[in-house]
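Notes follow once the structure below has been shown.
The values are calculated or read from the model by the stated rules, or taken from the named source; none is laboratory data. Quick caveat: nothing in here was measured; it's all calculated off a predicted structure. Don't worry about glycine lacking a Cβ; one is built from the backbone with ideal geometry, like all the others, and counts go over all protein chains shown.
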Amino acid sequence: MNKIAFLDRDGVINKSNFNNGYIGEIENFKLIAGVIRSIKYLKFLKYKVVIVSNQSGIARGYFKISEVNRLHKYLQSLLKKNNTSIDKILFCPFHKDGVVKKYKKNSTLRKPNIGMFKIINKKWKVDKKKSFMIGNQKTDMKFAKNSGIKGFLFKKKNLYKFIKSNKFIR
């Protein structure tokens, strides 16, 4: 059984105040204060750190999947320079109202559905009592509830202060 810290991306890892929250390009990707320190802290506490993110901007034609993958490689390189990393990054490119035919559909991967949780559970067997989700949207909290883990709504400016001020992490 593994302790997993599920983190949303836009609004938790990076600022989402650009292009209505659709962040697909590196130049628009700005880390929220305390992110690197938070990831180091979670890993020190023996959590696996996983990003689970809806990326409907792909289905909507705002950016390509290759751009999102490049952005995630950039994020990992930033973290590596600071001696840490994300254990797994999962995202859902699908949306029923998309304009890109390949991605225009409903998907069990899209939060609040638990497709991404199931992938992680299959890979690492999630300890639901010790795992949690930090997100900035109601869909993130529903994802947590549907997955049987705790959910914490993040609307602050510093992720590390938020994590340290909450007693849910041990």
Seminar exercise, completed: The residue from 119, 163 that alone is of a type in the set (A, V, I, L, M), buried (at least 20 other Cβ atoms within 10 Å of the Cβ) and either touching a strand residue (DSSP E or B) at 6+ places or on another chain (Cβ under 8 Å) or assigned to a loop (DSSP other than H, G, I, E, B) (or both) is 163
Seminar exercise, completed: Of (1) in contact with a helix residue (DSSP H, G or I) (Cβ under 7 Å, 6 or more places away or on another chain); (2) within 17 Å of residue 13 (Cβ to Cβ); (3) at pLDDT 95 or above; (4) not in a helix (DSSP H, G or I), residue 156 fails just (3)
Exercise. When you go through (1) in a helix (DSSP H, G or I); (2) surrounded by 14 or more Cβ atoms within 10 Å (Cβ to Cβ) one by one for residue 98, which number turns out not to apply?
Worked result: (1)
Exercise. Got at least one residue in region 55-70 being of a type in the set (S, T, N, Q), over 23 Å from residue 1 (Cα atoms), touching a helix residue (DSSP H, G or I) at 6+ places or on another chain (Cβ under 7 Å) and surrounded by 21 or more Cβ atoms within 10 Å (Cβ to Cβ)?
Worked result: yes
Exercise. Among 28, 83, 20, which is surrounded by fewer than 17 Cβ atoms within 10 Å (Cβ to Cβ), more than 16 Å from the chain's Cα centre (by Cα) and under 20 Å from residue 153 (Cα atoms)?
Worked result: 20
Exercise. In region 7-57, what residues are among the aromatic types (Phe, Trp, Tyr), assigned to a helix (DSSP H, G or I) and without any contact (Cβ under 8 Å) to a residue 60 or more places away in the chain?
Worked result: 44
Problem set entry | Residue check for residue 114: within 24 Å of residue 30 (Cβ to Cβ) and at pLDDT 95 or above | no
